[in-house]
Amino acid sequence: MLKLCVALAPAEDNATFGAVDADFDREAPTLFQALHTAIHAIESLPGLLVTRIEPDDLVTASEIAKRLGRTRESVRLLIAGERGPGNFPTPVSHVRSQHRLWRWSDVTAWACRPAAEAVQQARLIAAANAALAFRAAVDALPADERAFVFQLEHGCMQ
């Protein structure tokens, strides 16, 4: 089941922004095709933009436990290197805090050695969410700043 978060574009005479969650159950040979057709269907409607795909790539230790089907204590031991093969992915946020965040795409790649379909799906969702966030952020920039960001994205700073 795909969950897409959809932003309603503001009408010309209305500054109110809205957002809704849309659940999609798509029959498709691959996650890529399901995402592609779902996003295309939503964005073909005037005023609708997909802003995020869930499940989100950033996860807490509790969410890792839930997704891996483990207890929170088991995941704590994996993170600490006291159980499992070691080398648990490093957190990407709040590194010194009790509320650390990891990328699910990193965790699933670590947990599913050798790489499995779940790893590729997590990476696709992470990349698609990054592109959706990029699109939203860049659209709000003035033209010169937008050009700068596009140069960064393409690795061609001048």
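We did not get these values from a lab; they are worked out from the coordinates using the rules stated. Note that the structure is a prediction, hence the values are computed from the model and not measured.
See the values below:
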item	result
Quotient of C-alpha Rg and 2.2 N^0.38 Å, computed over the stretch 38-158	1.31
Cα pair distances of the stretch 58-118 binned at 5 Å [whole percent]	4, 19, 31, 31, 12, 2, 0
